[in-house]
1. Heavy atoms only, probe 1.4 angstrom, no DNA, RNA or ligands counted: give me Cys39, Cys187 ranked by accessible area, highest first.
2. How high is the relative contact order of the chain? Use alpha-carbon pairs under 8 Å, at least six apart in sequence, and give a whole percent.
3. Over the chain, with every protein chain in place, what whole percent of the accessible area is carbon and sulfur at 1.4 Å, could you tell me?
4. Would you mind checking the pairs Lys78/Lys227; Lys78/Lys206; Lys78/Lys292 and listing those with alpha carbons more than 21 angstrom apart?
5. Which Cys residues of the chain have no other Cys Cβ less than 4.7 Å away and so no disulfide-compatible partner by this rule?
6. Write out the trypsin sites (Lys or Arg not before Pro) in the range 251-335 meeting two conditions: DSSP loop, and at most 16 other Cβ atoms within 10 Å of their Cβ.
7. Could you give the length gained on full extension between Leu281 and Met208, defined as 0.36 nm per residue of separation minus the Cα-Cα distance, in nm?
8. Determine the gain in length on full extension of the stretch Leu309-Ser169; use 0.36 nm per residue of separation and subtract their C-alpha separation, reporting nm with one decimal.
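The values are calculated or read from the model by the stated rules, or taken from the named source; none is laboratory data. Computed from a predicted structure; not experimentally measured. When we count neighbours, we look across all protein chains shown, and the Cβ atoms used for this are built from the backbone with ideal geometry, even at glycine. Side chains included, ligands, DNA and RNA excluded: accessible areas come from the protein's heavy atoms. Shrake-Rupley method; radii C 1.70, N 1.55, O 1.52, S 1.80 Å.
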Amino acid sequence: MSVRWPVLFCTSFISFSADYFYDVPSVIQDLLTGNATACSNGTDTCLHLSPAQFNLLYAVYAWFGACIVPFSGMLADKLGCKQTLVGFSLLFFCGSAIFASSSYMDETPAFVLMMIGRMVFGIGCTSASVVTTRMQSFWFRDHEIGLAFAISIVSGRLGSVVNFLLTESLADAIGLRWTLWFGTALCAIGLGGAVAAGHVHTRGLKKMNRNPDAENGDEPFKFKVIKEFQWSFWILALLLIFFYAGVFPFIAEAPRYFEDRYSYSQGYAGYIAGATYDVALISPLFGFLTDKVGHRGLWVLAAPAILFLGYLFLILIPGFLPLAFCLMMGVSYTLVAAIAWSCAPFLVPTNGVGTAMGLLTSFQMFGVGISNALIGVILSQGKEKMAMWADVMWFLASSAGLALLLAVGLNVSDWRSGHRLRYSQSEREKLRRDENSSDYSQERDPLVDASYVSEDVNA
């Protein structure tokens, strides 16, 4: 039977559970900051975090994740996927448990434990994501890589959608503590998915008569491989920094922003913010289309253009609907998540894919962490509330605008360096087959080339 599809199925549980727990603080923000009705009437356990402290919960996740993911990618390239995936998934499960345990403590120690939990969760979650994309690249690079990445993204976004739809009602019904433990239970399911994915991956390698402890075969990982990364890769890295810095921090603050500007209820504001992730359900369509028609660079260019226009509409047009903005953000986010990341394997050597994904994730998370911290500072200025929100929105719009300029630069760089992002999967395979055998053997990756895989593995 096919190996690549079971691998994708198992790793999808990791994405679902990790993304669900990541966004939990956003939905229960009023309970964490002491502004919920349940806090004033004493019906639930609440904390009283400041805006800066709340944003630090996201910043510490981003910063510590960013510090470790380059090394997690290198470890995956050196040691293989199975051990690294299970190890990092165990970390994000432990981090979620630590975060949930903080609800039993007084406010100061609770905040410290929350920070530790988010740190451990961030290290494990972001690193597991890097190993997951490397594993998927193994099996899908010369097949439906855009579709595979898109399905993985959908799994994560489903976790976020379920969180935005369910968590507030769950907190009303069972309280803050059990809501956090429910998220921890989902992370345990993600850990199970990691174990299963590692088992299937190893079994597939053995069927190919490959040593699972030497996944790179004749192309072992070396640090100097980073020097072989194209300029287009580094432009892509900068693009992701500014794009995600304009997306994730807004999603974290969106419910409160909609409450303050539009007088929405907490629940309705959460539903509107969650529409950003609802759009991700169509990402397999984007992945399928890019695999079929190619031109990945142009698809990536459209993403920050849509996001930048959305911010301008929301800031400058008083009657512009928040739902319309969230849908625009959802489309742009889906394009980047499903397509931009699938560009990386074509811009680096095959034995450096894990390292490349680790670096991209690291840069992205540093940008998100800095953006979260700056927003916390802006919202703590002591100015009039809507004046502070206006500063936040212009800051996020500027980040999206820089991402748009970098997307233009990515297309120019790719045009000058051989149009590596232009080809569809079928065109790419035809070009590879047209090359002479010596050149072809130097470029291909035996782990993902269909001609190396037996029919019982790759059918």
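1. Cys39, Cys187
2. Values: 803 pairs, mean separation 125.7, N = 459.
With pairs under 8 Å counted, the relative contact order is 27 percent.
3. Numbers: 11490 of 17320 Å².
Result for the chain: 66 percent of the exposed heavy-atom area is carbon or sulfur.
4. Lys78/Lys292
5. Cys10, Cys67, Cys81, Cys94, Cys125, Cys187, Cys326, Cys343
6. Loop-located and lightly packed - none at all.
7. 22.9 nm
8. 47.1 nm
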